[in-house]
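Reviewing the structure listed below.
Every number in this text was worked out from the coordinates using simple rules, so none of it is lab data. The structure presented is a predicted model; accordingly, all values stated were derived computationally and were not measured. No Cβ is skipped: glycine too gets one built from the backbone with ideal geometry, and neighbour counts run over all protein chains shown.
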Amino acid sequence: MGKTTCASALALAAARKGKRVLLVSTDPAHSTSDIFERLFSREEEEIYPGIVGVEVDGDFEARRYIETVKNQIAKLFSSSVLKEAERQIELVSTMPGVEEVALFDRMGDLIVTCVDSYDLIIFDTAPTGHTMRLLRMPELMISWIAALSKRRKNLITLNRNIEREESGEADPILTTLERRKEKLELVRARLMQHNFTGFVLVLVPERLPIEETLRAAGSLRDSNMNICGIIVNRILPENLNGAFYQARRKQEQTYCEEIRRRFAEYPAIWIRQFETDIYGIKNLERLSEVLTGPNDGAPFG
Ligand SMILES: Nc1ncnc2c1ncn2[C@@H]1O[C@H](COP(=O)(O)OP(=O)(O)O)[C@@H](O)[C@H]1O
Ligand SMILES: [Mg+2]
């Protein structure tokens, strides 16, 4: 549809205006590397003057995440318990969903730690369903942590009752859980802060993308997130001839009308279909000019 293409063009446009941009690729397809014709690394690395790129890889982050958890656990338990604990962690690390948790954790870290170093952070996201699930992650994890904390507190109370002794020290597991919760709440607050985060929805004027994008917009709004605009991509060029073109053009006009009506509350940018596909800085420059230039909002000749 053009999500990666538009995210990259937007990054380029902002960098050209002197802004410091962080472009984060979160789609496992990682097309940003192809567009910039430069491999994005898992750590922040300048990929173009003014643009720092980073590729967040779910699988890699999951492994890094599990290692961190193991190290934390190693500090907390005696070696006899540790072996069993590590076995449990290995088991958990293969569970579905771990990759998403780790991916979100890394994105959260970038949001929290990079705010001061960049003027703009652009996330190039995966297709809608995947991204919507990712955005619901803090909420899910916060209630999960609350449940874990409760169990831990019960256990501590039980132990104290049995041993009849009060320990003044804070429980390290509870402290870790509390810290994680605080971070998740911070990231969630940032995502919902309308003057900090905005979602740009990219679609093409066809039936399925229209419906999919409307559902995504509804879901974002329900979660109190800010949709700052839509990009309607791949509008057909004008003045072409032939029955095939005329038929497509007619359909497109109907869908564009519908988009105007059903997305009326959002600012829209309309982008024409280029005569070639878009990769490499030269093509990207063309697109970034269209993205930031005067947009008369008129796909109709
Ligand atoms: N306006 C456009 N004109 C021509 N080709 C385009 C345009 N927008 C996107 N493309 C091409 O469409 C393909 C998919 O774009 P991409 O940005 O990877 O989509 P997504 O990230 O939504 O999957 C790419 O080959 C890209 O070059
Ligand atoms: Mg993409």
Using a Förster radius of 41 Å, what is the FRET efficiency between residue 275 and residue 94 based on their Cβ-Cβ separation? Nearest 0.05, please.
0.30
Of 115, 77, 104, whose Cα points farthest to the positive end of the dipole of region 1-137 (charges on the beta-carbon: +1 Lys, Arg; -1 Asp, Glu; origin at the Cα centre)?
115
Mind checking region 33-78 for trypsin sites (Lys or Arg not before Pro) that DSSP puts in a loop (not H, G, I, E or B) and that have at most 16 other Cβ atoms within 10 Å?
38, 42
With the convex hull built on the Cα atoms of region 65-125, state its orientation-averaged projected area in nm².
5.4 nm²
Give me Rg/Rg_expected for region 90-230, where Rg uses Cα atoms only and Rg_expected = 2.2 N^0.38 Å with N residues.
1.35
Fully extended contour minus Cα-Cα distance, from residue 74 to residue 286, at 0.36 nm per residue:
71.0 nm
To make sure I understand the rule: partners must be aspartates and glutamates, Cα under 14 Å from the Cα of residue 150, and not fewer than 8 residues away in the same chain. Which ones qualify?
171, 178
Helix-only mean residue ellipticity at 222 nm for the chain, each DSSP H run of n ≥ 4 adding -39500 (n - 2.57), per residue, nearest 500
-19000 deg cm²/dmol
At 37 °C and 0.692 mPa s, grab the translational diffusion coefficient of region 190-280 from Stokes-Einstein with a Kirkwood Rh over Cα pairs, rounded to a whole number in µm² per second.
226 µm²/s
Quick check: residue separation of residue 154 and residue 139 times 0.36 nm, minus the Cα distance between them. What number comes out in nm?
3.1 nm
Tell me which residues come under 5 Å, amide H to amide H, from residue 227 once H is placed; ignore anything under 5 positions away on its chain.
199
At a Cα cut-off below 13 Å, give the aspartates and glutamates reachable from residue 19, other chains included and same-chain residues fewer than 8 away excluded.
116, 119
Along the Cα→Cβ direction, 7 angstrom out, place labels at residue 250 and residue 42. What is the inter-label distance in nm?
5.4 nm
Filter the trypsin sites (Lys or Arg not before Pro) in region 98-166 down to the DSSP loop ones having no more than 11 other Cβ atoms within 10 Å, then list what survives.
164
Treating the chain as a set of equal point scatterers at the Cα positions, no solvent, please give the Debye-formula log₁₀ I(q)/I(0) at q = 0.06, 0.13 Å⁻¹.
-0.27, -0.99
How compact and how long is region 31-89, expressed as Rg and Dmax of its alpha-carbon atoms in Å?
17.7, 52
By how many degrees, between 0 and 90 and to the nearest 10, does the Cα long axis of helix 98-114 differ from the longest principal axis of the chain?
80 degrees
What number, in percent, do you get for the relative contact order of the chain if the mean sequence gap of Cα pairs under 8 Å and at least 6 apart is divided by its residue count?
22 percent
Modelled label-to-label distance, residue 169 and residue 185, 7 Å Cα→beta-carbon offset: nm?
2.6 nm
